[in-house]
1. Per q in 0.22, 0.24, 0.26 Å⁻¹, report the Debye log10 I(q)/I(0) for the stretch 5-75, using one uniform scatterer on each alpha carbon and no solvent.
2. Rank 301, 36, 239 by how far each Cα sits towards the positive end of the charge dipole of the chain (+1 on Lys, Arg Cβ; -1 on Asp, Glu Cβ) and give me just the farthest.
3. Would you please calculate the Kirkwood hydrodynamic radius of the stretch 118-203 over all C-alpha pairs and express it in Å, rounded to one decimal?
4. Work from the charge dipole of the chain (Cβ charges, +1 for Lys and Arg, -1 for Asp and Glu, about the Cα centre) and give the residue of 339, 182, 66 farthest towards its positive end.
5. For the chain, which span is the longest to avoid every loop-located (per DSSP) member of GluC sites (Glu not before Pro) having at most 15 other Cβ atoms inside 10 Å?
6. Just how far, in whole angstrom, is the stretch 304-354 from the stretch 276-293 if you go by their alpha carbon centroids?
7. Pick out, in residue order, every one of the trypsin sites (Lys or Arg not before Pro) in the stretch 227-328 that is DSSP loop and has at most 13 other C-beta atoms within 10 Å; say none if there are none.
8. Residue 134 to residue 485: extension gain in nm, 0.36 nm per residue of separation minus the Cα-Cα distance?
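A short reminder: the numbers here are calculations on the coordinates, not readings from a lab. As the structure is a prediction and not an experimental result, all values here were calculated from the model. So basically every Cβ, Gly included, is an ideal-geometry build from the backbone, and we count neighbours across all protein chains shown.
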Amino acid sequence: MLSPAAEASDLLRHFGLSGSGGLDSRSPIDGAVIGSVDECTDVEGICAAAQAAFLAWRTVPAPRRGELVRLWGEELRREKTALARLVTLECGKILAEAEGEVQEMIDICDFAVGLSRQLYGLTIVSERPDHRMMEQWHPLGPVLVISAFNFPVAVFAWNAALALVCGNSVVWKPSEKTPLVAEAVLVLLRRAAERFGGVPETLVQVAQGGREVGEALADHSRMALVSATGSTRMGRELGPRVARRFGRVLLELGGNNAMIVAPSADLKLAERGILFSAVGTAGQRCTTLRRLIVHESIADQLVARVRELFAAVNIGDPREPGVLMGPLIDEAAWTSMQAVVPDAEQVEAVAGGVYVRPALVEVEWPDHRALNETFAPILYLVRYSELDQAIAINNGVRQGLSSSIFTTDLREAERFVSGVGSDCGIANVNIGPSGAEIGGAFGGEKETGGGRESGSDSWKAYMRRQTNTVNYGNDLPLAQGISFDP
Ligand code: NAD
């Protein structure tokens, strides 16, 4: 197997990228530098160019805009393997998951193409004779996308595919930990734009850098929507900044996701759900299973099984077939893991990378460690006796992203997804909290930020709503019957 640096160099050449600049990217596989990019130094120029591109792009009919996204999807299909390999090198998730991530980009492109013919408004009856009311959705303006390291390309695509069909330009501030994949995605967008012809050159721009670059862009009045994915800390800082200038924000922040396993659960299914949700992306998904809430009657049996499964997880270079779990993103992640699980185990895999064994920690509820999101493969186990108690534990954290229940009892399942059940943006039955499809709206409540991206009617966040009242009569009656005659 090539070293990450050698493989990255081949892939960068494949995408026609120089891989040089002032900002280094390191592979978590062995900690070595695998390429670098130029940092953004001209925020003003980027914002002005985004505005110019928006003014031109909004005049292109939406179904034509959809054609650009269709072509982008084709480029992604063609380069799925190469892009996925770069994702693996830069963020450390196993190849199967990296390919899944690129597939998610393709899926959202397909969705957005259909959507480009369905940006529906409404007509509304008027209380006045010979009047008609309607609601239209218009392009919004430049959209700033700030993304996290753990879904370094899919989150951008969720935002960009919708933003583009909605008639907006896009500026992308990727995570400083995963800058190379962003450059590769931009190459594919440029190829699509060339085939389309006549796309404004600055329709999609990448602004590389850390939080300072994110902050400067988010402060700019031209950025009509700031869609930011990352930690709750980041959202807490960013939200008020954007609100201060009355900009719009769409926040996708930290999770603290639970699974309830009820006495009637199909335990074989539950075990598989637990393994994928707790161990996938080395516990570094926003929807990672963090809290397993198990009925006391089956807890001993399930704990023993989960311990067995965790002990058997093949941990190593995420490019190796058969490996289920790659490295943590960096040393800092290991320090955070050890702070809450002092006896967490490191695994010898590839020198220079941080490889750990997933940890199962039994706690009494409430436990302060389990109230916070530690971005590492830690699963807290809590026992319960009554369903309402389990739902209260599910809801008893500050975050509200994803949740699930394993049960074959219809009443329990329906109660969990009802208005008095889970308080999360996502509530699943007999599947884990992780691994959403693009067709649904994705996001969460409380400190997860309240934003919704991807499917359903999430597109409305990327457009501005306009209410129109049209008078086709010869009089000017006022609403509410007001008389205003001199
Ligand atoms: P992070 O908050 O450290 O960084 C995320 C992005 O925000 C990066 O691009 C970073 O440069 C930028 N940033 C940081 N501070 C900023 C500021 N003050 N102003 C502007 N930009 C700023 O997060 P991370 O470590 O990359 O990702 C892990 C976190 O992201 C976890 O908490 C995870 O749950 C969350 N996440 C949430 C979702 C979701 O959809 N809800 C998806 C993926 C990740």
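1. Once normalised to I(0) and log-transformed, intensities are -0.95, -0.98, -1.03.
2. 239
3. Working: mean 1/r = 0.0654 Å⁻¹.
In the stretch 118-203 this quantity evaluates to 15.3 Å.
4. Sorting the options by dipole projection puts first 66.
5. Numbers: sites that count: 127, 201, 296, 345, 348, 364, 386, 437.
By the stated rule (loop sites, at most 15 other Cβ atoms within 10 Å), 1-126.
6. 13
7. 245
8. Working: separation 351, 0.36 × 351 = 126.36 nm, distance 2.73 nm.
Here the answer is 123.6 nm.
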